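Please read the structure below before turning to the comments.
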Amino acid sequence: MSFFIFSSILSSLLIIPVGFSLYKHTAPTQNPAIATIAWVTHGKVRINATGLCVNTRASEEKKRGVVTHSSGNHAAAVSLAASMNNVKAYIVMPETAPDVKKIAVASYGADITLCKPTLKEREETAEKIIRTTGALLIHPYDNFNVICGQGTAAVELMDDFQDLDIIVAPVGGGGLLSGTSIAVKGMKQEVEI
């Protein structure tokens with residue numbers, strides 16, 4: 001993980017407490033400390049990443065806005081980061097996204113475009129918006145800065161709980177798992193992901 005990217009992420013945004021679930025195995029011969037990164041809020045993980053993506057753009061790029069496709073958490077993070085930086089956000093969400101997530105994204109001022117619930121439809125709809133507006137794509141998981149930002153949740157978890165044996169991370173697109181794996185293995189090789 002690039003030190004510049006990592007330190008930029010940590011220094012540029014508000015630190016939000018890491019949510020966690022800590023479980024001690026009860027077998028007498030084993031007592032691993034297990035933490036799940038699934039409880040980390042979207043506001044912590046993805047705001048760090050998307051805030052950096054939005055904040056480091058040249059002012060000409062910012063005028064065109066940003067676009068992403070997401071069912072909710074990344075969409076909300078991009079919307080909030082854009083709002084915080086006075087940048088227009090265009091969000092592509094599947095029609096099947098939960099209403100609570102659509103409401104959250106809209107509450108940050110983003111323009112939501114609904115599409116069929118397939119990756120192909122999401123990507124094609126985002127491309128149409130890019131062609132029309134010139135907006136910058138902030139990919140929800142295939143983006144170096146997003147992956148680095150998502151790794152900050154694992155770094156904070158490891159700072160708070162140095163004796164972890166296992167960290168459990170959910171997999172959607174793979175960005176959170178990638179960031180978690182890179183950060184944890186860079187800090188403590190023996191921790192299982």
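The values are calculated or read from the model by the stated rules, or taken from the named source; none is laboratory data. As the structure is a prediction and not an experimental result, all values here were calculated from the model. Positions of Cβ are backbone-derived with ideal geometry, glycine not excepted, and every protein chain shown enters the neighbour counts. The area values use the complete protein model at the heavy-atom level, side chains included, leaving out ligands, DNA and RNA. Shrake-Rupley method; radii C 1.70, N 1.55, O 1.52, S 1.80 Å.
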(message) Can you return the aspartates and glutamates within cross-link range of K188? Criterion is Cα-Cα under 16 Å, with same-chain partners fewer than 8 residues away left out.
(response) E156, D159, D160, D163, D165
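Would you mind getting the accessible area per residue of segment 78-189, heavy atoms of the protein chains only, 1.4 Å probe, in Å²? Intermediate values should be presented prior to the final figure.
Values: 5410 Å² over 112 residues.
Accessible surface, normalised per residue, equals 48 Å².
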(request) Can you figure out the FRET efficiency of D163 with V100, using R₀ = 41 Å and their beta-carbon distance, to the nearest 0.05? (result) 0.70
